[in-house]
Every structure is written in structure tokens, then in C-alpha cells.
1. Just need the relative contact order of the stretch 82-192 here, percent rounded to a whole number, with Cα pairs under 8 Å and 6+ apart.
2. Just the Cα atoms of the stretch 88-171, one point each, no solvent: what log10 I(q)/I(0) does Debye give at q = 0.16, 0.25 Å⁻¹?
3. Using Stokes-Einstein with the Kirkwood hydrodynamic radius over Cα pairs, what translational diffusion coefficient do you get for the stretch 45-95 at 20 °C and a viscosity of 1.002 mPa s, in µm²/s rounded to a whole number?
4. So what's the angle, to the nearest 10 degrees on a 0 to 90 scale, between helix 51-60 and the longest Cα principal axis of the chain?
5. Starting from the Kirkwood radius over alpha-carbon pairs of the stretch 6-182, derive D by Stokes-Einstein at 37 °C in a medium of 0.692 mPa s and give it in µm² s⁻¹.
6. To the nearest 10 degrees, how steeply does helix 164-174 sit against the main Cα axis of the chain, on a 0 to 90 scale?
7. What do you get for the angle between helix 181-190 and the principal long axis of the chain? Use alpha-carbon atoms, 0 to 90 degrees, nearest ten.
8. Full extension from residue 18 to residue 37: what is 0.36 nm times the residue separation minus their Cα-Cα distance, to one decimal in nm?
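What follows is calculated from the coordinates using simple rules that are stated; it is not laboratory data. Since the model is a prediction, treat every value here as computed from it, not as a measurement.
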């Protein structure tokens with residue numbers, strides 16, 4: 001974070017706080033989906049729990065944005081009442097690492113839709129591996145576990161990647177991100 005500007009840190013932290021609240025708010029919906037579909041119900045919407053890492057990284061476009069925003073969001077979620085408790089912070093770190101890996105693979109230089117979707121898939125992969133060992137997925141039928149994994153990756157790509165891009169682009173259009181990497185890109189594209 002040596003070359004981060006103060007306002008980038010503030011925006012990343014603000015996004016993390018907002019999405020920490022959003023994450024907690026989505027737990028009841030996940031519970032309803034589990035009631036209908038079993039454990040795979042959460043995987044249908046799991047991408048929502050990765051979205052801040054994609055949004056923060058896309059807006060700021062600096063190393064660490066995905067990892068830090070997801071970790072802080074998990075901390076906020078714990079502070080406001082997630083029943084899992086402090087272990088959720090580790091989960092946030094694992095998810096943030098998955099997204100950060102996709103951006104690192106491009107040396108933090110490519111924030112195309114495909115890279116944003118890959119970051120969502122990266123979070124899905126790391127969170128699933130972690131969840132496999134921590135949540136007892138091994139007790140489930142292998143075909144069901146494979147389906148959960150595939151659904152989570154699709155959710156990560158679509159909800160975190162595509163929806164995260166759409167939300168960020170919408171903010172860029174308003175001009176509020178004019179001093180951030182995404183806002184500058186938006187101005188360049190639309191300055192004609």
C-alpha cells in the first residue's frame with residue numbers, strides 16, 4: 001500500500017463496510033435457498049460474497065485492493081453480528097486471495113471484463129477449497145460436490161465479475177470516481 005493515495009484507502013474501506021453489511025443481509029436469502037435446494041443453494045448466490053473484491057480492485061487498480069477489501073468486509077460482518085465469528089475473517093482473506101490472484105496474473109494491468117470474471121472465479125475456487133475442508137463437503141456425494149463447485153464458479157463469474165463491473169461502471173458514469181483509475185479510464189473513453 002506504499003503507493004496508495006489516502007482517498008483510495010478511504011474508498012476501499014468504505015466499500016468494504018458497505019459490502020460487509022450487504023454480505024450479512026444476504027445470509028437469510030442463502031438460508032432460504034438451502035431450504036429449497038440443499039447446500040448448493042448458497043452456491044447459487046455465493047458470488048455476492050466476493051463482489052467487493054472485484055469492485056474495489058476495478059476502481060482502484062492497485063495491488064492488494066481485492067484482498068484488503070474482502071478481508072475488511074469480513075471483519076465488518078463479524079463486528080455487526082455474523083454468527084460464524086472471527087473465523088469468517090479467514091474466509092474473507094481466502095476469498096480475497098482468490099480474486100487478487102487473477103489481478104496478479106496480469107500484473108495488475110488488465111481489468112477487462114474477462115479478468116474481472118476470472119477474479120470472481122478465483123474467489124470461488126479458493127473459497128470452495130477452504131470450504132471443502134472446513135464445512136464438511138467431503139461427506140456429500142462427489143457428483144453433488146462437483147455441481148456445487150461448478151455453480152459457485154459460475155456465480156463468482158456472473159455476480160461478482162459481471163455485476164461488480166456493472167456497478168462500478170455505473171459509479172464511473174456519475175463522475176464520482178473521476179480521480180480514480182476507473183474514472184480516468186472512463187473519461188478517456190468518453191472524451192470525444
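1. Working: 103 pairs, mean separation 26.7, N = 111.
Reported as a whole number, the value is 24 percent.
2. Reported log10 I(q)/I(0), two decimals: -0.62, -1.16.
3. Values: Rh = 10.9 Å.
The diffusion coefficient I find is 196 µm²/s.
4. 20 degrees
5. Numbers: Rh = 15.9 Å.
Reported coefficient: 206 µm²/s.
6. 30 degrees
7. The helix 181-190 is inclined about 60 degrees to the chain.
8. Full-extension gain reported as 4.0 nm.
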